[in-house]
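Asks: Just dropping this structure here.
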Protein chains: 2
Amino acid sequence: MALIVHKYGGTSMGSPERIKSVAKRVAKWARAGHQMVVVPSAMSGETNRLLGLAKEVQPATIDAAAMRELDMIASTGEQVSVGLLALALQSEGMPAVSYTGWQVPVKTDSSYTKARIESIDDARVRAELAEGKVVIITGFQGIDDEGSITTLGRGGSDTSAVAVAAALKAAECLIYTDVDGVYTTDPRVVPEAQRLHTISFEEMLEMASLGSKVLQIRSVEFAGKYRVPLRVLSSFTPWDINIDEEAKSGTLITFEEDEKMEQAVVSGIAFNRDEAKFTVVGVPDKPGIAYQILGAVAEANIDVDVIVQNMSHDGRTDFSFTVHRNDYQRTLDLLKGTVAPSTGATQVLGDPKICKVSIVGIGMKSHVGVAAKMFRTLSEEGINIQMITTSEIKTSVVIDEKYMELAVRALHKSFGLDAVDTSSN
Amino acid sequence: MALIVHKYGGTSMGSPERIKSVAKRVAKWARAGHQMVVVPSAMSGETNRLLGLAKEVQPATIDAAAMRELDMIASTGEQVSVGLLALALQSEGMPAVSYTGWQVPVKTDSSYTKARIESIDDARVRAELAEGKVVIITGFQGIDDEGSITTLGRGGSDTSAVAVAAALKAAECLIYTDVDGVYTTDPRVVPEAQRLHTISFEEMLEMASLGSKVLQIRSVEFAGKYRVPLRVLSSFTPWDINIDEEAKSGTLITFEEDEKMEQAVVSGIAFNRDEAKFTVVGVPDKPGIAYQILGAVAEANIDVDVIVQNMSHDGRTDFSFTVHRNDYQRTLDLLKGTVAPSTGATQVLGDPKICKVSIVGIGMKSHVGVAAKMFRTLSEEGINIQMITTSEIKTSVVIDEKYMELAVRALHKSFGLDAVDTSSN
């Protein structure tokens, strides 16, 4: 018997029928003696519908006042979900009560549409649990000091669930999603990809930010910070499968490093083909150049991912970075228009057809030669590496987009991931 | 320059286009120097959609816990509306901010799905008005002492608007609807029906409860209690009509009796064909009989409208009453099954084909012979009166349904309503 948090995504909540299934699953857990807290997303499509309505009436410039209203509107999707799930649980004969973010309350800052959780008061939730009720809390939202509704941004319900689990010191936070766990890489690219039974939250952070879109990155950060055991599992298993089997399914994201000691050096291969690369050629090698280029890019609200500055020669250097491919033209115009001339650069090169491939593994901390093995593998396949960046548990390369599948498959194989013995994890 | 409350119904808020029109109209009033508070309903169809979703998952028996969830769900319709209207006003360059019932807060009791407003805190709204903003407040809802969302029941947005106007001591509360005012009777029955420029709130109460479904009855009670001048006017006039013309349009519901002194004795003819009549024949004329019959009916949750008990003869009397026609069979079964036998009645007569026609007028207080004139008019048309009830400002008769139109037209004419000079009111 433990305090467990379940989080269900929009697809799981997509229709009255599916909500009934969720209710049956939650009721099964409650009947097994667990104290249950559930954080559901809005019904699939609902947030888009609401923001679509807003788009038709909203001002051209979205200032803070407008963002406050967007949150007022968008937050209703989850409010409907919690009410419906509470009713469905009551239909199952299971006492249940719903809470909005402001009722808990979940306190956030005032950054409308992308607020950050500051604190969660657990008193009311604990009182309801003590009365034997399932407590259902809206994901994605909270309340600021002014008493205005805030939302956490897209995918914020994952973060809400983890934050609630942290506040309640839950034994585990189960994220039900449309995949059955975290894989060594995308199975659509590498059919031999294996589901990981456990992954460290640091690896998960790198995997998530690199495009394994299983969980919202902030929720993983939260889980790591507050040491909340997080499990990603499938919402497509029948609701009445054996609870012990269900409790061990999916992938457990753990903060216990020891558990990983005997594991593979590399846990997964991540990739991202949504990037575009720029090189500002021949800029003078002097202090302030990086800021002069990237400051202007940041001011234009363009996110930069990989940044590489090569060694200089003859007092000049080349400065390269990647941005989201959607920002390609805007970045190019910006660089050619004012930035490059002002730095004295000789040329601006842009390439929207690149991709980033990364190996991720907490084992890299203690194993040498991992990056070298990566480069050798790519070289054997005749793949040219355009940029390289590394961190403690990750090595990323930027390569021509057309080699992406080939690179991922080759790396997946050479790091022994095709053969991961999932039963032993 | 005054503090004005506007209320817009679901049809006015029915699409982004219409919401933009509402925003332009409100902006016009604000630019004319008024402090504006707006109470919009949910977009038309939205509350039904939400309750339809709830119906698919809700338990068979709706207890207080389930009703709390229904309010959680249903209240989101208005929350979306206020956000959209605030955005539309901001698009017009008009500073605007939305408030939910709980943010104001609008305090209610805990009667979920039919809560009553207990108090409204005007501090935050006044502060926003003082900053030059249009304040948009959700209709239909509030918050109870536990911090749970409550709703006021169908049509509750009218009541919210009036309550907000009362709390803010607004100069006038304008209810924009799909009719252009209150008429002497239903123009579909009597083409000569005239729009009233003013009507007393007492007359409006009688008209509303008798089926002139222009305003929710509770909103009129509220307006009377707090002496809020209430105007019913059309939301179909172009948003840019002259504001002085608009401010005088529709029907003003006033609490100033003097204004009515010179008016017609009868202000309107109301009717209701949704009723059914019962007579319990030959019950012993002794204390407790009325309670014995109506107590059982009330316990079955059947609303009784007109009640008439005739003089007794030979120690027995006949007891008649009307109920909603939908409750006809249930009432008949109840009376024949247990109630009538237990009272010693000789017979139960039921008639689902009746209607009620009423003359309403505050002038009746000081004029004698009004009822007699009504009876004479009906007699001249050969219409038999089955039941009669009277109050201070209303006389109602129950007649055969097939004579309804005839009776309404004849009464409308004989009380001089065909000839109401609307320009002098």
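The values are calculated or read from the model by the stated rules, or taken from the named source; none is laboratory data. Here the structure is a predicted model, which is why all the values come from computation and not from measurement. FYI the Cβ positions are ideal-geometry reconstructions off the backbone, even for glycines, and counts take in every protein chain you see. Note: accessible area is taken over every heavy atom of the protein model, side chains too, but ligands, DNA and RNA are not part of it. Shrake-Rupley method; radii C 1.70, N 1.55, O 1.52, S 1.80 Å.
Asks: Here are some residues: B:190, B:232. Which one is touching a strand residue (DSSP E or B) at 6+ places or on another chain (Cβ under 7 Å) and either part of a loop (DSSP other than H, G, I, E, B) or open to solvent by less than 40 Å² (accessible area, probe 1.4 Å) (or both)? I'd like the intermediate steps shown before the answer.
Replies: Numbers: B:190 fails: touching a strand residue (DSSP E or B) at 6+ places or on another chain (Cβ under 7 Å).
On inspection, the qualifying residue turns out to be B:232.
Asks: Can you find a residue in the range A:314-333 that is part of a loop (DSSP other than H, G, I, E, B), in contact with an Asp or Glu (Cβ under 6 Å, 6 or more places away or on another chain) and exposed (fewer than 15 other Cβ atoms within 10 Å of the Cβ)? Write out each step before concluding.
Replies: Residues of the range A:314-333 that are part of a loop (DSSP other than H, G, I, E, B), as a first pass: A:314-315.
Narrowing further to those that are in contact with an Asp or Glu (Cβ under 6 Å, 6 or more places away or on another chain): A:315.
Going one step further and asking which of them are exposed (fewer than 15 other Cβ atoms within 10 Å of the Cβ), we end up with A:315.
Yes, some residue in the range A:314-333 is part of a loop (DSSP other than H, G, I, E, B), in contact with an Asp or Glu (Cβ under 6 Å, 6 or more places away or on another chain) and exposed (fewer than 15 other Cβ atoms within 10 Å of the Cβ).
Asks: Looking for whichever is part of a strand (DSSP E or B), in the same structural domain as residue B:120 (by TED's automatic domain parsing) and either aliphatic (A, V, I, L, M) or open to solvent by 50 Å² or more (accessible area, probe 1.4 Å) (or both) here; the options are B:37, B:26. Which one fits?
Replies: B:37
Asks: In addition: Every residue in the range A:337-395 that is open to solvent by 70 Å² or more (accessible area, probe 1.4 Å) and in a loop (DSSP other than H, G, I, E, B), please.
Replies: Correct list: A:346, A:353, A:366, A:367, A:368, A:381, A:384, A:392.
Asks: What are the residues in the range A:404-417 that are farther than 25 Å from residue A:197 by Cβ and touching a residue at least 40 places away in the same chain (Cβ under 8 Å), if any?
Replies: Of everything in the range A:404-417, those that are farther than 25 Å from residue A:197 by Cβ and touching a residue at least 40 places away in the same chain (Cβ under 8 Å) turn out to be A:404, A:405, A:407.
Asks: Would you mention how many residues in the range A:53-65 are touching a helix residue (DSSP H, G or I) at 6+ places or on another chain (Cβ under 9 Å) and assigned to a helix (DSSP H, G or I)?
Replies: Residues in the range A:53-65 being touching a helix residue (DSSP H, G or I) at 6+ places or on another chain (Cβ under 9 Å) and assigned to a helix (DSSP H, G or I): 6 in total.
Asks: Any residue in the range A:53-71 that is in contact (Cβ under 8 Å) with a residue 60 or more places away in the chain, in the same structural domain as residue A:170 (by TED's automatic domain parsing) and among the hydroxyl-bearing types (Ser, Thr, Tyr)?
Replies: No; the residues of the range A:53-71 include none that is in contact (Cβ under 8 Å) with a residue 60 or more places away in the chain, in the same structural domain as residue A:170 (by TED's automatic domain parsing) and among the hydroxyl-bearing types (Ser, Thr, Tyr).
Asks: Restricting attention to the range A:77-93, and to residues there that are among the polar types (S, T, N, Q) and at the interface with another protein chain (Cβ under 8 Å from one of its Cβ atoms), which single residue is most open to solvent (accessible area, probe 1.4 Å)?
Replies: Only one residue fits best here, namely A:91.
Asks: Looking at A:66, A:96, A:74, A:42, which one is crowded, with 24+ Cβ neighbours inside 10 Å, modelled with pLDDT of 95 or more, within 11 Å of chain B (Cβ to nearest Cβ) and farther than 17 Å from residue B:77 by Cα?
Replies: When all the criteria are applied, what remains is A:96.
Asks: Return the total of residues in the range B:85-110 being within 20 Å of residue A:53 (Cα to Cα) and assigned to a strand (DSSP E or B).
Replies: 4
Asks: Does at least one position in the range B:135-143 carry a residue that is assigned to a loop (DSSP other than H, G, I, E, B), modelled with pLDDT of 90 or more, touching a Leu at 6+ places or on another chain (Cβ under 7 Å) and closer than 26 Å to residue B:404 by Cα?
Replies: No, because not a single residue in the range B:135-143 is assigned to a loop (DSSP other than H, G, I, E, B), modelled with pLDDT of 90 or more, touching a Leu at 6+ places or on another chain (Cβ under 7 Å) and closer than 26 Å to residue B:404 by Cα.
Asks: Does residue A:302 qualify as being buried (at least 17 other Cβ atoms within 10 Å of the Cβ), farther than 27 Å from residue A:286 by Cα and among the hydrophobic types (A, V, I, L, M, F, W, C)? Steps first, please.
Replies: On the way: buried (at least 17 other Cβ atoms within 10 Å of the Cβ): yes; farther than 27 Å from residue A:286 by Cα: no; among the hydrophobic types (A, V, I, L, M, F, W, C): yes.
Taking the combined requirement at face value, the residue does not satisfy it.
Asks: Where the second residue is assigned to a loop (DSSP other than H, G, I, E, B) and not aliphatic (A, V, I, L, M) and the first is under 23 Å from residue B:13 (Cβ atoms) and lies in the range B:224-246, which pairs have Cβ atoms under 6 Å and are six or more apart or on separate chains?
Replies: Sorted first by the residue in the range B:224-246, then by its partner, the pairs are B:231/B:250; B:232/B:181; B:232/B:250; B:233/B:249; B:233/B:250; B:234/B:180; B:235/B:12.
Asks: Which condition from (1) over 22 Å from residue A:100 (Cβ atoms); (2) open to solvent by less than 50 Å² (accessible area, probe 1.4 Å); (3) away from chain B (no Cβ under 11 Å) is the one that residue A:32 breaks?
Replies: (2)
Asks: Which one of these does residue A:124 not meet: (1) assigned to a helix (DSSP H, G or I); (2) within 22 Å of residue A:32 (Cα to Cα); (3) open to solvent by 10 Å² or more (accessible area, probe 1.4 Å)?
Replies: Going through the list (1) assigned to a helix (DSSP H, G or I); (2) within 22 Å of residue A:32 (Cα to Cα); (3) open to solvent by 10 Å² or more (accessible area, probe 1.4 Å), residue A:124 breaks only (2).
Asks: Which of (1) among the small types (Gly, Ala, Ser); (2) in contact (Cβ under 8 Å) with a residue 40 or more places away in the chain; (3) more than 17 Å from residue B:75 (Cα to Cα) is the odd one out, the single condition residue A:132 does not satisfy?
Replies: (2)
Asks: Working only within the range A:153-173, note down all residues that are open to solvent by less than 20 Å² (accessible area, probe 1.4 Å) and under 15 Å from the mean Cα position of the chain (by Cα).
Replies: A:153, A:156, A:157, A:158, A:159, A:160, A:161, A:162, A:163 - these are the residues of the range A:153-173 that are open to solvent by less than 20 Å² (accessible area, probe 1.4 Å) and under 15 Å from the mean Cα position of the chain (by Cα).
Asks: Please go through (1) at pLDDT below 95; (2) within 26 Å of the chain's Cα centre (by Cα); (3) open to solvent by 10 Å² or more (accessible area, probe 1.4 Å) for residue A:115 and return the number of the only condition it doesn't satisfy.
Replies: Single failed check for residue A:115: (3).
Asks: So in the range A:215-229, with the set limited to residues that are part of a helix (DSSP H, G or I) and of a type outside the set (Phe, Trp, Tyr), which one is most open to solvent (accessible area, probe 1.4 Å)?
Replies: My answer is A:225.
Asks: Given the structure, is residue A:277 closer than 30 Å to residue A:346 by Cα and in a loop (DSSP other than H, G, I, E, B)?
Replies: Spelling it out, it is not the case that residue A:277 is closer than 30 Å to residue A:346 by Cα and in a loop (DSSP other than H, G, I, E, B).
Asks: Now a separate question. Does residue B:149 satisfy the condition of being over 15 Å from residue B:36 (Cα atoms) and at pLDDT 95 or above?
Replies: So residue B:149 fits the description; yes.
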